[in-house]
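Peer 1: I'd like to ask some things about the structure below.
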Amino acid sequence: MDIKVTLTEAIEQAAEKAIADGVFAKAELPLVVLEIPPQREFGDFATNFAMQSARVFHMAPRRIAEALAERIQGDWLDHVQIAGPGFINFYLKSNVLYDTFARILEQGENYGILPAKDVPRIQVEYVSANPTGPLHVGHGRGAATGSALVNLLRAAGYSVQSEYYINDAGNQIDNLAASVNARYMELLGKESDFPENGYHGADIVDTARRIIKKDGEKYLAMPEQERLAVFKERALQEKLAALREDLEAFNVTYDVWFSERTLHPDAVHEACDILKKNGNMYEKDGAFWLKSTAYGDDKDRVVIRDNGVPTYLAADIAYHRNKFERGFGKVINIWGADHHGYVCRVKAAMAALGYNPDNLEVLLLQMVSLYRGGELVKMSKRTGQSVTLAELIEEVGTDAARYFFIMRSLDSQLDFDLDLAKSQSNDNPVYYIQYAHARIASIFRQARETGLAVGPSPKLSLLTDAMEISLIKKIGEYAEEVDKAAAEYAPQRIARYAYELAGEFHSFYNKCRIMGVGQELAEARLALVGSTAQVIRHALGILGVSAPEKM
RNA sequence: GCGUCCGUAGCUCAGUCGGAUAGAGCAACGGCCUUCUAAGCCGUGGGUCGUGCGUUCGAAUCGCACCGGUCGCACCA
């Protein structure tokens, strides 16, 4: 039995008993919240239950705490203490710690994988960059965070499907084709105006070059519309392949690549028909408008233009309807903060279609700034001077890039220090964590040589050093950390946890030796560091960062 | 003007469904390698939690106003 559950029940029972004894007024009990006290001297666990219930029992918190303390007992409890304004601090028998740790050891590699949750499937859509150019650093944050979130939710027992929405319809793809066309003509020495909203990146020239290399000048003879159609498909295929490649190099893969084209025209019309029928869409000035103001938006939005061409929103309405129709209980989108203005209208559209807009969760990622040598690296989409994800990976590596992208809360703007990410020192949190893992691997290599191994039931009660106790406790917090981080959609919590766990290990390592301390203690310590390595591996796995055996 | 997010130590950030002396890393300073990886450890100093008012027994945390920064406010995607 989980000790926190045991404690919670003991507190509730003590309160019920005090009510039965006539000490407390009959009242609804507040929720029991257990926390790990900020300081060791305050015990293993603490609760503010007495303070929370002061109002309902009409008693001073410390008196409530006293009445509860008298009524709490269990063979797991050493003693309780009342402190501060009315905290109840619990000091547990030491065997509780060892029993808990023994169960973690039994779980082995499965520790950190939570039981499947009985809730509907979750979908996470992220990156979904237009296939019109390479991914840049901003997409990198989305890619790292999104994939880590998917891993995290799965570890926490949710069923998750990951998805990339390919914007392969509409203007930007026509511009892509026109841009490739312009480069094609240019390379073959023909007159051609570069499209006004064209893409200036070098990758477009490369695409044109590859077309020439493969098929030569044969498209010159083709009518322009036909040629554009060919180039469109060719460019799209290349761009998609490049996206996939960049993402895979970044430890990012998807269950589904969803093409926007498949929504046109049927799915878009279907969605519009529903909205027209239920009165949430109306015609004005020849266009069709979503009555989004009825659902909290600032203004109504055009869905079908007066020329009959659907807006981007039209496809998005059909797309999100499609997601809900696929039966997901929760639909999560990870967007850049620059799209925040768009959230309200998509949610409004879902509400207008009769879905619960709260089941669409849009996580907004704040902007990324790169720093090199203490200076901001200027980025500009317009001139194509932005740093690409591939360049970033080339410079700092996948592990460092992923960790740095994930380590901050999504709400915070991210200052990405390239020098720090590259540095092979303890300043660099990624190396700090990986180093802990490599050190442990090294210990096991040496243990193997000396014939030392963890037996079936190591004598854990020999682990009495303060460093050992605190490392055991930290390992014990991991499962709950996974659960919390998942519930909050906060992969950065795992990044921080891994860092803290590595810190606990390094402290232990400098204090306690494993080889040459006697067989039983050595075995127990080997079990401890083995478990540490396993948890670091699992946490890094969630983050999509490697756990090296050697550094 | 409206909206988003942010404002905590010199720097980068935790902590935010209210609770015990506000934490970590870097930077500064001082220690620790004849023993499992010093990419490590131990220690010292450093904070009006942007400002004000309010709610509360209690506010970095909740509410309101203001200040500073950020991103956005299309029949673009």
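Peer 1: Those residues that are closer than 27 Å to residue A:162 by Cα and without any contact (Cβ under 8 Å) to a residue 40 or more places away in the chain, I need them from the range A:266-285; list them, please.
Peer 2: The answer is A:266, A:269.
Peer 1: If you go through the range A:479-514, how many residues are farther than 22 Å from residue A:404 by Cβ and of a type in the set (Phe, Trp, Tyr)?
Peer 2: Count: 2.
Peer 1: A further question on this structure: Say we look at the range A:22-47 and pick out the residues that are in contact with an Asp or Glu (Cβ under 8 Å, 6 or more places away or on another chain) and of a type in the set (A, V, I, L, M); which of these is nearest to RNA strand B (Cβ to nearest atom)?
Peer 2: A:46
Peer 1: Return yes or no: is residue A:191 within 25 Å of residue A:240 (Cβ to Cβ), in the same structural domain as residue A:407 (by TED's automatic domain parsing) and more than 14 Å from RNA strand B (Cβ to nearest atom)?
Peer 2: no
Peer 1: Let me ask another. Could you list all residues from the range A:496-529 that are under 26 Å from the mean Cα position of the chain (by Cα) and open to solvent by less than 20 Å² (accessible area, probe 1.4 Å)?
Peer 2: Residues satisfying the conditions are A:497, A:498, A:501, A:502, A:503, A:505.
Peer 1: Please go through the range A:314-341 and give me each residue that is open to solvent by 10 Å² or more (accessible area, probe 1.4 Å), more than 22 Å from residue A:158 (Cβ to Cβ) and at pLDDT 95 or above, ordered by number.
Peer 2: A:321
Peer 1: Failed condition for residue A:282, given (1) assigned to a strand (DSSP E or B); (2) within 12 Å of RNA strand B (Cβ to nearest atom), with all others met?
Peer 2: Every condition holds for residue A:282 apart from (2).
Peer 1: Restricting attention to the range A:483-521, which residues are more than 8 Å from RNA strand B (Cβ to nearest atom), in a helix (DSSP H, G or I) and small (Gly, Ala, Ser)?
Peer 2: If the condition is that a residue be more than 8 Å from RNA strand B (Cβ to nearest atom), in a helix (DSSP H, G or I) and small (Gly, Ala, Ser), then A:485, A:486, A:487, A:495, A:498 are the ones that fit.
Peer 1: Here's another thing I want to ask about it. If you take just the strands (runs of 3 or more DSSP E) that sit entirely in the range A:366-459, which of them hold at least 1 residues that are open to solvent by less than 60 Å² (accessible area, probe 1.4 Å) and not β-branched (Val, Ile, Thr)?
Peer 2: A:368-372, A:414-417
Peer 1: Further question: Mind counting the residues in the range A:151-195 that are touching an Asp or Glu at 6+ places or on another chain (Cβ under 9 Å), within 25 Å of residue A:405 (Cβ to Cβ) and free of Cβ contacts under 8 Å to residues at least 40 places away in the same chain?
Peer 2: Number of matching residues: 1.
Peer 1: If a residue counts only when it is open to solvent by 30 Å² or more (accessible area, probe 1.4 Å) and not aromatic (Phe, Trp, Tyr), which strands (runs of 3 or more DSSP E) contained entirely in the range A:64-163 have at least 2 such residues?
Peer 2: Qualifying strands (runs of 3 or more DSSP E): A:77-83.
Peer 1: Further question on the same structure: Considering every residue within the range A:522-531, establish whether at least one is free of Cβ contacts under 8 Å to residues at least 24 places away in the same chain, within 21 Å of residue A:445 (Cβ to Cβ) and within 11 Å of RNA strand B (Cβ to nearest atom). Outline the logic, then answer.
Peer 2: Filtering the range A:522-531 down to residues free of Cβ contacts under 8 Å to residues at least 24 places away in the same chain leaves none.
No: the range A:522-531 contains no residue that is free of Cβ contacts under 8 Å to residues at least 24 places away in the same chain, within 21 Å of residue A:445 (Cβ to Cβ) and within 11 Å of RNA strand B (Cβ to nearest atom).
The values are calculated or read from the model by the stated rules, or taken from the named source; none is laboratory data. Please read all numbers here as calculations on a predicted model, not as lab measurements. Neighbour counts are summed over all protein chains in view; Cβ atoms, including those assigned to glycine, are modelled from backbone coordinates with ideal geometry. The protein model used for the area step is the full one, side chains on, heavy atoms only, and it has no ligands, DNA or RNA in it. Shrake-Rupley method; radii C 1.70, N 1.55, O 1.52, S 1.80 Å.
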